[in-house]
Structure formats: C-alpha cells, structure tokens
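The values are calculated or read from the model by the stated rules, or taken from the named source; none is laboratory data. Because the structure is a prediction, the values reported are computed rather than measured. Positions of Cβ are generated from backbone atoms using ideal geometry, with glycine treated the same way; all protein chains shown enter the neighbour counts. Heads up: the accessible areas ignore ligands, DNA and RNA and are worked out on the full protein's heavy atoms, side chains in. Shrake-Rupley method; radii C 1.70, N 1.55, O 1.52, S 1.80 Å.
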Amino acid sequence: MDLGIAAAVFPLIFLAELPDKTMFASLVLASRGRPRAVWVGAAAAFLVHVAIATTVGAALFAVLPPRAVDAVVAALFLAGAVYAFLETRRDESALIDREVATRRRIVVTAFVVIFLAEWGDLTQILTANLAAHYHSAVSVGVGALLALWLVAALAVASGQTLLRVFPAVVVRRVTAVVLLVLAGVAAWSAVGA
C-alpha cells in the first residue's frame, strides 16, 4: 500500500465523480428520506465497483468493445429516464412513503441503482486505468474508494435540504431530463459518431 498513490488517485476520482450520474442518483434517493441508508447502499456498490475495476476491470474493458458498453449504458439511462418521468405522475406522498418504508429497502435500492449506473462509468474506467498505470491495485483502490464515498456522503447530506427548496416532482423531472441527455450521449458514442 502506497499512500502517495492513494493520495494522487483521490482528487482525480473525486473530481470525475462530482458531476456524475451516481452523485445525482444518491442525492435524489436521499432526498426521499433515510440518507444514511442511501449512503450505506451507495458505499457498498462503490466498494464492489472499485474491487472489480482494480482487479479485473482492465481485462474486461480490453475484451468488450467500447461501443457495446456505450449501448448498454445508453439503454439503462433511457430506462431510468422513462421511469423517472412515470414516477412524476404518481401521488408524491404515497411514493415517498413506499420508498422509505424500510431501511433495508433503501439500502438495496441505493446499491442496485449505483451498481448499475457505475458500469462502464468514467470513474470505473479511470480506476482500472490508474490501477494498470501504477501497478498497485490496493493503493489505487483505497484512493478511489475514499473519493467515491466522500462524493456519496456530500450527495446524501444535501439530499434532505433539496426537497425544502424544490418539490420532489421537480427533482424527478430534472433527473429524467439529465438521464435522457446521458442516454443520448451514450447512444451517440455507441454508434461511433
């Protein structure tokens, strides 16, 4: 374990994750309640992704064509956008009550959302590349994981405040629009334009 490598990796991953979809997903999930449960789910998903990226990530990206990864990511973003738009039609209070009914459900939801969103993500690719560059999977993994955990913590901490300013339906619509844009960007990459 080289702390210098971990310290070099931390700001790269932190800055790459700040404007990322997973930060927004954590923020939106936390805005519905139980921010600690959201963070636990997101932290667990990030742990799995960092482990994958630092051990077999480089090999996976060497085998899978980038366009195939982009196509899958585009489809997931599109599905997420459709879901977010559909959720804006539901009774907000019933939706929030259902989604925050149990801590376990929130942890699992946060894990699944972050886990799926991180596949082929910039920070996963960057982590795999840094692990290959530095030849130190543990050092890169520690730096990347701490950066991702901090971004998730910032997102869930601000999630509760967000609903005091904006209604949940507005947050969901904005999320859906962001996901549509991301789907378009990923689709554009998939077709090689």
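So here's what we get for this one:
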quantity	calculated
Verdict on Gly33 being over 26 Å from Gly192 (Cα atoms) and at pLDDT 85 or above	no
Filter result for the condition that a residue is modelled with pLDDT of 85 or more and under 12 Å from the mean Cα position of the chain (by Cα), over Ala45, Ala16	Ala45
Criterion violated by Phe10 - all others in (1) out of contact with any helix residue (DSSP H, G or I) (no Cβ under 6 Å at 6 or more places or on another chain); (2) at pLDDT 70 or above; (3) open to solvent by 60 Å² or more (accessible area, probe 1.4 Å) satisfied	(1)
Criterion (assigned to a helix (DSSP H, G or I), of a type in the set (A, V, I, L, M) and either open to solvent by 10 Å² or more (accessible area, probe 1.4 Å) or modelled with pLDDT of 80 or more (or both)) met by exactly one of Ala144, Ala193	Ala144
Subset of region 147-190 that is aromatic (Phe, Trp, Tyr) and assigned to a helix (DSSP H, G or I) - its residue that is modelled with the lowest pLDDT	Trp188
Filter pass, Thr102 being modelled with pLDDT under 65 and over 21 Å from Gly141 (Cβ atoms)	yes
Where a residue in region 116-137 is in contact (Cβ under 8 Å) with a residue 40 or more places away in the chain and its partner, wherever it lies, is of a type in the set (D, E, K, R), with Cβ under 6 Å and at least six apart	Ala117/Lys21; Thr123/Glu17; Gln124/Glu118; Ser136/Asp2
Which numbered condition Val107 fails, given (1) open to solvent by 80 Å² or more (accessible area, probe 1.4 Å); (2) closer than 22 Å to Gly41 by Cβ; (3) at pLDDT 65 or above	(1)
